[in-house]
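Contents: one structure, followed by commentary.
Coordinate-derived values only; no laboratory data. None of these values were measured; they are calculated from a predicted model. Quick reminder, even Gly has a Cβ in these numbers, built from the backbone with ideal geometry, and neighbours come from all protein chains shown.
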Amino acid sequence: MKLSKSSCCGPRKPRPKKRAAMNPDVGLEAIEHLGGVEFLSRHIPEEKDLIEQSRRYHALSDPLRLTILSLLRDQPLCVCVINRFMHLAGSKLSYHLNILKESGLIEGEYHGNWIIYSLTEQGRSFVE
């Protein structure tokens with residue numbers, strides 16, 4: 001029996017070809033050619049740097065936090081001005097500001113009873 005190239009629902013889509021499994025010896029040869037496992041391990045950042053990077057990416061993964069960064073691009077702002085744009089409950093805004101602050105993307109400076117938030121140099125590099 002010959003299979004048709006179409007069905008009652010339209011033409012059949014070709015199935016993706018399966019990739020051949022990589023021979024582990026070929027992978028090891030490639031690693032040795034680069035300088036071995038020691039060479040590769042020298043290119044892995046220290047754990048503390050990986051943790052910092054992970055915090056930054058986490059902070060940048062939320063649209064609300066990206067909006068806050070965009071608001072702070074042109075000038076430092078207090079929480080009340082940020083919230084006029086965000087329309088969030090105070091606790092929720094505080095949560096997002098804290099994540100941005102802990103990741104090193106923003107900083108807060110007290111002016112009397114107010115905290116004025118601004119971008120750090122690192123934070124600025126992600127919004128320009």
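For the reader, a short list of remarks on this structure follows.
- Taking amide hydrogens as placed 1.01 Å from N in the peptide plane, the amide H of residue 78 sits under 5 Å from those of 117, each at least 5 positions away in sequence or on another chain.
- Maximal additional length on extending the residue 102-residue 28 stretch stands at 22.6 nm, based on 0.36 nm per residue less the C-alpha distance.
- Compactness ratio for segment 58-127: Cα radius of gyration over 2.2 N^0.38 Å (N = residue count) comes to 0.98.
- Efficiency of FRET between residue 80 and residue 49 - r from beta-carbon atoms, R0 41 angstrom, step 0.05: 0.70
- Other residues whose C-beta falls under 13 angstrom from the C-beta of residue 62 contribute a net charge of +4, scoring Lys and Arg +1 and Asp and Glu -1.
- Applying 1/(1 + (r/R0)^6) with r as the Cβ-Cβ distance of residue 113 and residue 70 and R0 = 30 angstrom yields a FRET efficiency of 0.70.
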